[in-house]
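Read through the structure below, which is laid out as structure tokens, and then see the notes.
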Amino acid sequence: MAERPVLLITGASSGIGSETARHAVAAGYRVALAARRAGPIEELAAELGDDNAIARTCDVTEWDQVRSLVETSIAELGSVDAVFANAGFGVEYGLLEDSVENWRSMVLTNVYGVGLTIRATLPHVLERGTGHFVLMSSVAGRRVLAGSMYSVTKHAVTALAEALRLEIRDKHRNEAIRVTTIAPGMVDTPFFESIGAPPGWAMEAEDIAGAVMWALEQPSRVDVSEMLIRPTAQAF
């Protein structure tokens, strides 16, 4: 069993994922960093220190890679105490915009990838009897945006979080494992590289990382089911 809690983070190469890793280590966690690109997560692991982090490449849409990530994390760090399913991206708004190939890749990453992350970690978490799943949704997962396939994927994540919570309670009769959905508004991260720069009033990645850690560090009797976090100036 790990001496310190272990947080597994997908999409850890930049933005909210990497900033959450920094916050987690500062709070006493060790982290398993996962992303498709090796360079950024290896650099982040070196920044955080060998005693605090491991980095593994993983495409969350590939079951064998996700399963291997979880097995390696448990073998090297002793357990997975919390999971932050953060990997995802967006495409241009408009049902006649962008390519159908990008649509497919986004749906697989944002929805199927979250499902695979849950499927690979849930048996271990159930065996331990306690743990915490944090799923990255969006304000777009609460409010339908015109012509946004991204919004569709984030509504699916919101539903998946509740499906997971109900399965844990009803099927597995577990009252200790927690499930949280994080639903940010606009955040100034590399996410916007493909869809345009965010406005100057957007939040910073550290704002959402702090919210993730707040949810994780609540007393065991408290399950923060959903956090909707908007910039003060955001209208929708």
How many angstrom lie between the Cα centre of region 43-97 and the Cα centre of region 146-180? 19
Assigned charges on the beta-carbon of Lys, Arg, Asp, Glu; the chain dipole about Cα centre (debye): 760
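Calculate, in nm to one decimal, what residue 101 and residue 171 gain on full extension: separation in residues at 0.36 nm each, minus their alpha carbon distance.
Working: separation 70, 0.36 × 70 = 25.20 nm, distance 3.66 nm.
Result for the pair: 21.5 nm of gain on full extension.
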Kindly provide the helix-only [θ] at 222 nm of the chain, computed as the sum of -39,500 (n - 2.57) over DSSP H runs of four or more divided by all residues, to the nearest 500 deg cm²/dmol? -12500 deg cm²/dmol
Neighbour-count ranking [beta-carbon atoms within 10 angstrom, fewest first] of 132, 172: 172, 132
For the chain, with the dipole built from +1 on Lys and Arg beta-carbon atoms and -1 on Asp and Glu ones, taken about the Cα centre, which of 147, 93, 187 lies farthest toward the positive end? 147
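For a quick check: sort 114, 66 by the number of other beta carbons within 10 angstrom, fewest at the front.
On the way: 114 27, 66 24.
With the sparsest Cβ surroundings first, the list reads 66, 114.
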Would you mind checking the tilt of helix 205-216 against the longest principal axis of the Cα atoms of the chain, expressed as 0 to 90 degrees and rounded to 10? 40
Over the chain, relative contact order from alpha-carbon pairs under 8 Å, at least 6 apart, %: 19
Scan of the chain for trypsin sites (Lys or Arg not before Pro) in DSSP loops with at most 12 other beta-carbon atoms within 10 Å gives a longest site-free stretch of 38-172
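Read the figures in this text as sums done on the coordinates, not as results from a lab. Everything numeric in this text was worked out from a predicted model, so none of it was measured. Here Cβ is always computed from backbone atoms with ideal geometry, including for glycine, and neighbour counts include all displayed protein chains.
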